[in-house]
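Notes follow the structure.
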Amino acid sequence: MDFIMTIVEQGLIYGILTLGIYITYKILDFPDLTVDGSFPLGAAVTAALITRGVNPYLTIPIAFLVGVLAGICTGLIHVKCKVRDLLSGIIMMTALYTVNLKIAGTNNVPLFSQETMFKNGMLESLFGETIPGYMKIVLILLVVLIAKFLLDFYLQTKSGYLLRAVGDNDNLVTALAKDKGNVKILGLAISNGLVALSGCVFAQEQKVFDISTGTGSMVIGLASVIIGTSLFKKLTFVKTTTAVIIGSILYKGCVAIAIRFFDPQSMKLITAVLFLVILVISMERKQKAKGMAEGQKGGKNA
């Protein structure tokens, strides 16, 4: 049971990150490697604030806003400095490594003796010294649902439709007398804000900040997005934001099961192989669908 609970917890935490990568990968079609820097950025800010006595719940919106700033910087490098999208993310990811060290003060900050969103005076006053184990999932789920519903709401606004249009047809945005560059910057800001928020919750759940926590975040997020969108593609009643969160839980489950049968030191190799398999399956499905579409088109022309 603890094994399943851990998978769900980790899956939900990374589900917030996956929502951010969904914006850049699926909506903007922007390979944003800033993610590997903004995830530990959220954790670093959280650790720095908590060790200075700041309320752990207050670190959640602060981490989001700091992530937004990181996304804006990536957007400015790409849009204003005319640097290619991939290189913009790499530049910002590299810069954030030093920024994260400066914020945290060191490459490892333990939070075991500090109050977190999962263990604090308020919860102890409600449940006593022994806080129920399920409360951790409840709190994480609450953060995930708030992030998901706010994103769903935003995507239904005029600004949200413009964001979608930039990824599909940026000429349409220009035709509407809107600056497509500014729309991209906004999308990157929201995306990295969500990623940093995920890092914030992760640091409090693990009770530690480590500079290496962001390594592979992009791979985890992409794999989760691909799994979620592939599995629920035909189920129109399931929103894409819900699908990618479920994809994150499934991905974490696959990795956890694989690690049970292999050496834990092989985790990165397992992650890489699993991601490769997911990509190959996804590409085969796309090619099959494209072939069927072309066949139907040819039949009509005949």
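The values are calculated or read from the model by the stated rules, or taken from the named source; none is laboratory data. The model shown is predicted, which means the values in this text are computed figures rather than measured ones. Cβ coordinates were reconstructed from backbone atoms using ideal geometry, including for glycine residues, and neighbour counts include every protein chain displayed. Surface areas here come from the heavy atoms of the whole protein model, side chains and all, with no ligands, DNA or RNA. Shrake-Rupley method; radii C 1.70, N 1.55, O 1.52, S 1.80 Å.
For segment 69-124, which positions are in contact with a His (Cβ under 9 Å, 6 or more places away or on another chain) and charged (D, E, K, R)? Full working, then the answer.
Of all residues in segment 69-124, those in contact with a His (Cβ under 9 Å, 6 or more places away or on another chain) come to 84-85, 87-89.
Correct list: ARG84, ASP85.
For segment 31-54, which positions are surrounded by fewer than 24 Cβ atoms within 10 Å (Cβ to Cβ) and touching a residue at least 60 places away in the same chain (Cβ under 8 Å)?
Residues satisfying the conditions are LEU33, ALA48, THR51.
Which condition breaks for PHE209 when tested against (1) outside any helix (DSSP H, G or I); (2) surrounded by fewer than 16 Cβ atoms within 10 Å (Cβ to Cβ)?
Here PHE209 meets the rest and fails (2).
Would you mind telling me which numbered condition in (1) of a type outside the set (A, V, I, L, M, F, W, C); (2) closer than 15 Å to THR24 by Cα; (3) surrounded by fewer than 20 Cβ atoms within 10 Å (Cβ to Cβ) LYS184 fails?
All conditions pass for LYS184, except number (3).
Answer yes if at least one residue in segment 136-154 is open to solvent by less than 80 Å² (accessible area, probe 1.4 Å) and free of Cβ contacts under 8 Å to residues at least 12 places away in the same chain, and no otherwise.
Yes, segment 136-154 contains at least one residue that is open to solvent by less than 80 Å² (accessible area, probe 1.4 Å) and free of Cβ contacts under 8 Å to residues at least 12 places away in the same chain.
Do we have any residue at all in segment 62-83 that's surrounded by fewer than 23 Cβ atoms within 10 Å (Cβ to Cβ) and either hydroxyl-bearing (Ser, Thr, Tyr) or over 30 Å from ASP170 (Cβ atoms) (or both)?
Yes, segment 62-83 contains a residue that is surrounded by fewer than 23 Cβ atoms within 10 Å (Cβ to Cβ) and either hydroxyl-bearing (Ser, Thr, Tyr) or over 30 Å from ASP170 (Cβ atoms) (or both).
Looking at ALA189, ALA203, can you tell me which residue is out of contact with any strand residue (DSSP E or B) (no Cβ under 9 Å at 6 or more places or on another chain), in a helix (DSSP H, G or I) and open to solvent by less than 20 Å² (accessible area, probe 1.4 Å)?
Values: ALA203 fails: out of contact with any strand residue (DSSP E or B) (no Cβ under 9 Å at 6 or more places or on another chain).
Testing whether each residue is out of contact with any strand residue (DSSP E or B) (no Cβ under 9 Å at 6 or more places or on another chain), in a helix (DSSP H, G or I) and open to solvent by less than 20 Å² (accessible area, probe 1.4 Å) leaves just ALA189.
Pull up segment 232-272, narrow it to residues that are of a type in the set (A, V, I, L, M, F, W, C) and more than 21 Å from ILE4 (Cα to Cα), then point me to the one that is surrounded by the most Cβ atoms within 10 Å (Cβ to Cβ). Please lay out each step first, then the result.
Filtering segment 232-272 down to residues of a type in the set (A, V, I, L, M, F, W, C) leaves 232, 235, 237-238, 243-246, 249-250, 254-259, 261-262, 267, 269-270, 272.
Narrowing the set further to residues that are more than 21 Å from ILE4 (Cα to Cα) leaves 232, 235, 237-238, 269, 272.
On the way: PHE232: 18, LEU235: 10, PHE237: 6, VAL238: 14, LEU269: 12, ALA272: 12.
My answer is PHE232.
Filter segment 1-30 down to the residues that are touching a Lys or Arg at 6+ places or on another chain (Cβ under 7 Å) and without any contact (Cβ under 8 Å) to a residue 60 or more places away in the chain and list them by number.
none
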